Every structure is written in structure tokens, then in C-alpha cells.
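Right, one structure below, let's go through it.
Read-outs throughout are calculated quantities, based only on the coordinates presented, and are distinct from any laboratory measurement. Since we're looking at a predicted model, the values are computed, not measured. Every residue, glycine as well, gets a Cβ built from its backbone with ideal geometry; the counts of neighbours run over all protein chains shown.
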Amino acid sequence: MVNQKNSNELYSMHQVLLEFYGSLHWWPGESSLEIMVGAILTQNTNWQNVSKAIEKMKEEGLLEVTALFHMDEKSLGKIIKSCGYYNLKARRLKNFINFFYRNYGGSVERLFSVDWKILREELLKINGIGPETADSILLYAGNKPIFVVDAYTRRIFHRHNYFSFKASYQEIQHFFMVHLPQDHSVYNEFHAQLVMLGKDFCNKNNPLCSQCPLSPFLNKKTSHS
DNA sequence: TGCCAGGCCGGGT
DNA sequence: ACCCGGCATGGC
């Protein structure tokens, strides 16, 4: 249900974070392909480790669709070792590249010319691409207006009494999308802010902090659904 | 040193 | 429909 109070509060948090962090212009990556690769490699993984893996891929000339398509999985695994789960991720990367290369000729423009709701369903059919990875690809590589829910989003908004532990991805995503403008640049910036905030103030070692820019919002224990 | 990080799948209830 | 074990490295 849309609720003006929720909309106002969410937007207000977004503005506070904009003042705190400035414009973030996410996602870190020089090309759409690099962003899509990063989205897969960062599954349950520290970005620092992913960054090393991506640098290595660049050195090997592997941030290019045709090269990746022809790369064998085993060797790819060695190259991306630093990001962890490397066997699994090499397979997932290949699954995505096979899809991208065979169905769209490796063309980013063709990929994102598809209606994004259809494209989302296609991405979710690929083994190794779940909702967060699909949405990151759509939002950050394709500029589509879909909100990305990640561990930081869950943790931050759980602490603010918006959701229970067990709220589904769908449920959380829906909440943001009905209470914020349907605008990819808002979703882009807001999610980026939440990741930064999570790293700085809201990881597991930092359960609660008065220095968090969102702390003024903490005492409002209203019902949010 | 042990715990943590921007998920997802497959098999079992 | 959930629940859980497995997947793995580098940083602090």
C-alpha cells in the first residue's frame, strides 16, 4: 500500500545520504560488460576481492564478450580466484556469457532494447543469476528503473523497523518501488548510498552507531507496511 | 586468529 | 513454500 508518510521518510533519508556522500555515480566499472561481470562476481563477496579478479581479467583481455565466450571455464576460474567461490563463479559467468553471446550477439544495445520486465525473466532463468544479480544488471548496466535489494538494504531497514528478518526480496523491493519515484537515477543513487552506509556504519561488527547519518530516523517506531 | 563479505542453487522437509 | 549446507578468497 502506498503511504505518503513512508514516501516522505524514504525520500528524506535519500536526501540526507546525498548530503553525506555526495553524488556517487555507481556502479564501479568502465563498461556495461564490466558491470555485469562484477554483479556476478560480487555475490556474497567483498568488493575488494572482486576488484582484483576484474583487474586480472582485464590483463588477460577477458572483459570482452568474444574472448570470454571462447575462454574455458577451468582457466577462467584460475583468473578470478581472488573473488572466492571461483569454480562456481566461472560457471555462472560462462552461463551468462553464453546467453548474452548466443541470444544478443554480445551487443549491450540489443540486450537492453528488450522490454526490461521480459529481460528480467530471461536473466532469472540463467543458472547462477538470482534476483539481486539480475536487478543489478538491469539497473546499473542498463539504466532500467528497478530497485536492487541487497544484504545492506535488508540490514539497514530491518534496524529501522521497516521489515522483519524474514521479509522476502519481492516484498522489500516492492516497498521501495511504490514509495519512491519510478526513476532509475533515484534507484541507482539510493542503493549505492545504502551500500556505502552499510560498509561504513551498518556491518555486523557495527550494530548500532550514533554517528550514522541515518540515526535521526532511528527512534521513529511506526508501523511501515 | 576467527569472522566476515553487495547470493544462489539443489536437495530435503 | 521454506530451510539449510555448500561454495572460497583476502582483509581486518
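Partner lysines whose Cα lies under 21 Å from the Cα of A:Lys199, excluding those fewer than 8 positions away in the same chain, are identified as A:Lys52. Taken one residue at a time, the phi angles of segment A:86-103 give Karplus couplings (6.51, -1.76, 1.60, θ = phi - 60°) of 5, 5, 4, 6, 4, 5, 5, 4, 5, 4, 5, 5, 4, 4, 5, 6, 6, 8 Hz. Gly and Pro are set to x. Karplus-derived 3J(HN,Hα) values for segment A:153-166, using 6.51 cos²θ - 1.76 cosθ + 1.60 with θ = phi - 60°, are 4, 4, 5, 4, 7, 5, 5, 8, 6, 7, 9, 7, 3, 9 Hz; glycine and proline are entered as x. Within straight-line reach of A:Lys56, meaning a Cα separation under 23 Å, sit the following lysines at least 8 residues removed in sequence or on another chain: A:Lys74, A:Lys78, A:Lys81, A:Lys89, A:Lys94.
With a simple spin-label model that places each label point 7 Å from the Cα along the Cα-to-Cβ direction, the separation between A:Ser107 and A:Cys209 comes to 4.7 nm. Derived scalar couplings between HN and Hα for segment A:48-54 equal 4, 5, 5, 4, 4, 5, 5 Hz in order, rounded to whole Hz, by the Karplus curve 6.51 cos²θ - 1.76 cosθ + 1.60 (θ = phi - 60°), x for Gly and Pro.
Here the sum of -39500 (n - 2.57) over DSSP H runs of 4 or more residues, divided by the residues of chain A, equals -17500 deg cm²/dmol at 222 nm, to the nearest 500.
Simple point charges give the picture: +1 on the Cβ of Lys and Arg, -1 on the Cβ of Asp and Glu, and for segment A:85-170 a dipole about the Cα centre of about 320 debye. Look at where the Cα atoms of segment A:129-182 and of segment A:190-210 average out, and the two centres are 15 Å apart. Between the listed residues A:Val114, A:Met71, A:Leu33, the Cα displaced farthest toward the positive end of the dipole of segment A:32-141, a dipole computed from Cβ unit charges relative to the Cα centre, is found at A:Met71. Partners of A:Lys5 within straight-line reach, counting lysines whose Cα lies under 16 Å from its Cα and excluding those fewer than 8 residues away in the same chain: A:Lys220, A:Lys221. Taking 25 °C and 0.890 mPa s as conditions, segment A:92-225 diffuses translationally at an estimated 151 µm²/s according to Stokes-Einstein applied to its Kirkwood radius (Cα pairs). Chain A has equivalent-ellipsoid semi-axes of 33, 19, 15 Å, by the square roots of 5 times the alpha carbon gyration tensor eigenvalues, sorted largest first.
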